[in-house]
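The values are calculated or read from the model by the stated rules, or taken from the named source; none is laboratory data. Just so it is clear, the model here is predicted, and its values are computed rather than measured. A quick note on method: Cβ atoms are made from the backbone with ideal geometry, for glycine too, and the neighbour counts reach across all protein chains shown. To get the accessible areas, we keep the full protein, side chains included, count just its heavy atoms, and leave off ligands, DNA and RNA. Shrake-Rupley method; radii C 1.70, N 1.55, O 1.52, S 1.80 Å.
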Amino acid sequence: SATDGSIEEVCGIARNITDKRGALVSIQKSEEKFRNIIESFIDIYYRTDLNGVVTMISPSVKTHTGYDLTEVLGKKVDQFFVDATGSSQNIKSVLKDGNVTNFEVNVRRKDKELRQFMLNIRMIRNDRGLPVEIEGIARDITELRTYAEELKHAKEGAEQSLKIKEQFLANMSHEIRTPMNGIIGMIDVLIQTPLAAEQKDYVETIKKSSETLLIILNDILDLSKIEAGKMELSINPMDLHDVIGRLTALFKQRAIDKNNELVATIHPEVPRYILGDQTRLLQILSNLTSNALKFTENGKVRVIVSHVENEILFEISDSGIGISEENQKLLFNAFQQVDNSTKKSFGGTGLGLAISKELCRQMNGRMGVRSTPNEGSTFWFTIQSNPTTEQVSTAAIDEEKPFSAYFQNGIAPTILLVDDNAINRKVASEILLKAGCSVITASSGSEAVALKPDNSKFDIILMDIQMPEMDGLETTKVLRANHGESMPIVVAMTAYSMQNDKERFLKNGMDSYIPKPIRATLLLQKVHELFSSLNKKTQNSVSKKTENLLVDEQIITEEIPRFDFEVINSLKEMVGVEMLKTVFDDFETEAREQLENTLTGFKNKDLKLIQQELHTLKGNSGTIGLMLIHELTRKIEEPAKKGDLSNFEQLYQLLIEEFGYFTENKAKIYAI
């Protein structure tokens, strides 16, 4: 300025703040956007510090809990939880794993109402990877949980009803099959004795009637399995030529009896060897062929097999009475018969076609019929074509032969027969004795167990399943404990025919299975097959036992560090010494129980229990840096998955010693 105070010039500095102003506006917009998101949250969004103190929460907390923001901010989040102990445990999981999903807690509203919430929580880390905050979303699931509980109760009620139905059908199966076992079994024995021509004709008539009764029973049980969703296919390689050969052999005599011609044709393009369930395929073919012969006299029944695109087509044609278009609509319904009149000429349950159609559907196929009254019918069905290069050795079709032909040169097995039903014992004993076997019987599980292993040498045990006081499965378990390595082969015999019996019995300690009513041919074939393989099986068992005695000493000499201090120090930095101490204490408590359960599993040969306990122990020990415990656990768990417990005792002892070292020195680890 001039001396007289007047302004001569103006000096200034201009700074460009466009970017700064833009950044400020951007931040303001981001904050506004974030605030709008938080305020529009239907669920509760919140953040806490590492001590669980709420630093941010969405306004929706008022709607769900009745608390204002000011009443929640600055408070520990778990003080609003009814089950704060469970919350603390899950905070530990967040610290170890970085997140917890679908964690349920009970929250008491301001008006004292108890509500159920589901939390999803995760750790927020800074740019150095260190935890700084915890954020979570809480959803009120009270109504959803109530609805789920109602659905659960409804489902349990339906399952209980289905279970009662299945149990009733299974018990009826047992009750009907038990007397039938006596009838059919004694017929098989009787037909092997010298009979006059007239007597033999009578016996054959009784035999056919009993077989028809058995077919009806099987139809009812098959339908029950289908309705219960328990029908499963057994897929294996099979020879279609063998299947059709068995079919024609089965119905050859029936066709002759009705003066019918039975002809089977397999087109050359049809693959001979396919994957499928041979038993169920033959069941469908038998049902359709039986029906065709039933409704045809002095005519012709043809079985034609062809290949259409990716399916195999089976057609069973007859020249019989045919079916009207109206009656065709009734054919595949359960318990529906075309002729329901009191004068009907043809018997049957009306179940065969319904069962066949369902079996066909399970084979990814279709079924239908073409028919004209008085001109005949053609029932057709398809199955998925699954060719295989594996050829199947086709056994000769079983034919009845004298019992004495099964065991020759005086070499036959000694058999323990356990059954509480006197008729069943008599039937099976007569069949086996006539074949040259030595038979000792027991009328109960306790009587079988009372036979001392040193005083009774059996090759095979035929074990009834359903017995009072001590059933067949329990009896077998006790016998295995008594006999040890010298335990004979155990064959389950049962009239309890439901829910995949064979697989269930094999999983529960049985070596083989035969259903009741017992057929002489099937029983002797089974005993012959098992007895023939007994010596070979024994040799293999001895070889395997010797092999398992080889101890893997590598684990003893491997240089594995006891602790991974990088993992341990990271945990200590994240949660602090006190929290790390509680994590180690919790591990010690859980691991002690897991080790005890593992030993119990080994004593009871319960592989599932061993794997379950060791899998958890392996994961937990690795998470907190106990590397040698982790590695020893893995060395036991992985062979156990394959059923190999040969090195269990040595490795388990090392694991116990290492666990003892950890418990004695864990306090020192905190200070390192």
Sequence order, region 241-254: Karplus ³J(HN,Hα) from phi using 6.51 cos²θ - 1.76 cosθ + 1.60, θ = phi - 60°, Hz rounded, Gly and Pro as x, gives 5, 5, 4, 5, x, 5, 4, 5, 5, 5, 10, 4, 5, 5
Using the structure shown, select from Lys426/Lys507; Lys618/Lys641; Lys507/Lys642; Lys572/Lys635; Lys62/Lys110; Lys608/Lys635 the pairs with a Cα to Cα distance greater than 18 angstrom.
-> Lys426/Lys507; Lys572/Lys635
Taking only protein heavy atoms into account and a 1.4 Å probe, give the accessible area per residue of region 427-486 in Å².
-> 48 Å²
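In Å², what does the accessible area per residue of region 564-642 work out to with a 1.4 Å probe? Let's see the in-between values first.
Numbers: 4020 Å² over 79 residues.
Per residue, region 564-642 has 51 Å² of solvent-accessible surface.
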Separation between the Asp201 and Ser646 pseudo-spin-labels, each 7 Å from Cα along Cα→Cβ, expressed in nm?
-> 6.6 nm
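What ranking, highest mean first, results for peptides 187-198, 412-423 when packing means the other Cβ atoms within 10 Å averaged over each residue? Present the calculation step by step, with values, prior to reporting the outcome.
Working: 187-198: 13.9, 412-423: 20.4.
Top of the packing list down: 412-423, 187-198.
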Carbon and sulfur together cover what percent of the accessible area of region 569-649 at a 1.4 Å probe radius?
-> 48 percent
Backbone HN-Hα couplings from phi across region 471-481 [Karplus 6.51/-1.76/1.60, Hz, Gly and Pro as x] | 6, x, 5, 5, 4, 4, 4, 5, 4, 5, 5
Using amide H atoms built 1.01 Å from N in the peptide plane, name the residues 5+ places from Met56, or on other chains, whose amide H lies under 5 Å from its own.
-> Arg47
Per-residue HN-Hα couplings for region 187-204, Karplus 6.51 cos²θ - 1.76 cosθ + 1.60 at θ = phi - 60°, whole Hz, x for Gly and Pro?
-> 5, 4, 5, 4, 5, 8, 8, x, 9, 5, 4, 5, 5, 4, 5, 4, 5, 4
Which order do the peptides 638-648, 238-248 take when ranked by the mean count of other beta-carbon atoms within 10 Å per residue, highest first?
-> 238-248, 638-648
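With every protein chain present, what is the per residue accessible area of region 231-326 (1.4 Å probe, Å²)? List each step's numbers first, then the result.
On the way: 4570 Å² over 96 residues.
Value returned for region 231-326: 48 Å² of accessible area per residue.
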Accessible carbon and sulfur surface of region 274-337 relative to its total accessible area, %, 1.4 Å = 47 percent
Highest first, please rank the peptides 270-278, 146-154, 629-637 by the mean number of other Cβ atoms sitting within 10 Å of their residues.
-> 629-637, 270-278, 146-154
